[in-house]
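Encoded as structure tokens, the structure appears first; notes follow it.
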Amino acid sequence: MAEPSKVIHVRNVGHEISENDLLQLFQPFGVITKLVMLRAKNQALLQMQDIPSAVNALQFYTNVQPSIRGRNVYVQFSSHQELTTMDQTSQGRDEDSQPNRILLVTIHHMLYPITVEVLHQVFSPHGYVEKIVTFQKSAGFQALIQYQSPQYAVSARTSLQGRNIYDGCCQLDIQFSNLNELQVNYNNERSRDFTNPSLPSEQKGRSSQHGYGDVGVGFPQMANAAAIAAAFGGGLPPGISGTNDRCTVLVANLDPDRIDEDKLFNLFSIYGNIVRIKLLRNKPDHALIQMGDGFQAELAVHFLKGAMLFGKRMEVNFSKHPNITTGAETHEYSNSSLNRFNRNAAKNYRYCCSPTKMIHLSSLPQDITEEEIVRHLEEHGTIVNTKLYEMNGKKQALVLFETEEQATEALVYKHATTLDGSIIRISFSQLQNL
């Protein structure tokens, strides 16, 4: 093993892995002061506050294989003892790439839509931009930007590599393209030839530039398309089509003696906003749940089908009813402040998963202890391990149960409950071990 350093080198960091994923992996071991994503090399550099924190992390992951989103990542001490400004501004640089007047730009953590106009505002200060083409690839939202000369492209890459277009998001990952000339057929929000303003705009619904990128997944019925694109990098999780327009879900095989609308809300709100819920009195083990849109309903069906709750395996399917009619037997949640996707929608989409043994607690009191957390949750099952840590000055915790069913029960009972005056939030964690 290399000489201990507070800088950790992480390899096999795929494009589906976000900064937050890496933060979740290492924050239980101490405060993280810097994080540099080397996207071009599928690597990352992460600086802990001190060497003991980094040593603890690497000792732990020597015995436990770290995995993020189903991908094994590999960690070791970096040859750097400290991350400098030079390291951060040169992140992902391929020393063998040849300067070219065309840049290939990948946008990571795209919480806001990026258009040709936005890209032109960002890149034109470094030289005359002739053409821009945007498209979706498996790596995420990308753009090709053609300058008048290679010198302009070099200047832009040197100044902008690793920067964010907006504060805290839309990070630029810039490489030199091997193309010699961009072909632009239409002037619109996705492509533009600034040397030929007379080009027509294309008809809606057609891909702007066949050949540069794959046709992106479209979500015409969803107002949160930008958040979905930001969460999944332009693609979708395996098994999710993104084309479902049915918003209502039918849940069967529930335990009628233990289930109620609020418990269903706590579970299904992990996958989207809840409009209303109705327990079927003529079928006491059935319920209808109307989600915010078809995509959120599809996530719920995909991730919860067959999940265990109160000793019974839930049956989760799309309902034949397009919505739930308001009535005396329905519970309304459309204006609930507990709906998770009204804020930080992209982050919430990114962390959607099937029930796991590990739950994540946030909005905790600042003086909370692990013992208090255990007392609050232990009635729901055997707690194997806990980890209390701080992120951005706020206390959070990870709690590992013996089974997925125990963790699910703790979530449905204790999400949005009050602990020492704070309303806590609980979700499933994709981490497999503590």
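The values are calculated or read from the model by the stated rules, or taken from the named source; none is laboratory data. None of these values were measured; they are calculated from a predicted model. Cβ coordinates were reconstructed from backbone atoms using ideal geometry, including for glycine residues, and neighbour counts include every protein chain displayed. Only protein heavy atoms, including side chains, enter the accessible area calculation; ligands, DNA and RNA are left aside. Shrake-Rupley method; radii C 1.70, N 1.55, O 1.52, S 1.80 Å.
Provide the net charge surrounding Ala407, with neighbours chosen by a C-beta distance below 11 Å and charges set as Lys +1, Arg +1, Asp -1, Glu -1. Cβ neighbours under 11 Å give a net charge of -2.
Taking every DSSP helix (H) stretch of at least 4 residues in the chain, weighting each as -39,500 (n - 2.57) and dividing the sum by the residue count yields a mean residue ellipticity at 222 nm of -6500 deg cm²/dmol. Rolling a 1.4 Å probe over the protein heavy atoms leaves Ser67 with an accessible area of roughly 20 Å². For the chain, the square roots of the Cα gyration tensor eigenvalues, ordered a ≥ b ≥ c, give a/c of at least 1.5 with a/b no greater than b/c, which places it in the oblate category. Using 0.36 nm per residue and subtracting the Cα-Cα separation, the extra length available between Asn323 and Asp245 on full extension is 27.0 nm. Measuring between alpha carbons in the structure, the pairs from Lys278/Lys320; Lys263/Lys312; Lys312/Lys347; Lys283/Lys320; Lys305/Lys347; Lys347/Lys395 lying more than 20 angstrom apart are Lys312/Lys347; Lys305/Lys347. Entry comment: accessible area of the chain is 46 Å² per residue, from protein heavy atoms only and a probe of 1.4 Å. Protection proxy ranking of 351-362, 319-330, by the mean of other Cβ atoms within 10 Å over each peptide's residues and highest first, is 351-362, 319-330. Two tests apply to each whole DSSP H helix in the chain, Cα reach of 20 Å or more along its axis and mean Kyte-Doolittle hydropathy of at least 0.0, and none passes both.
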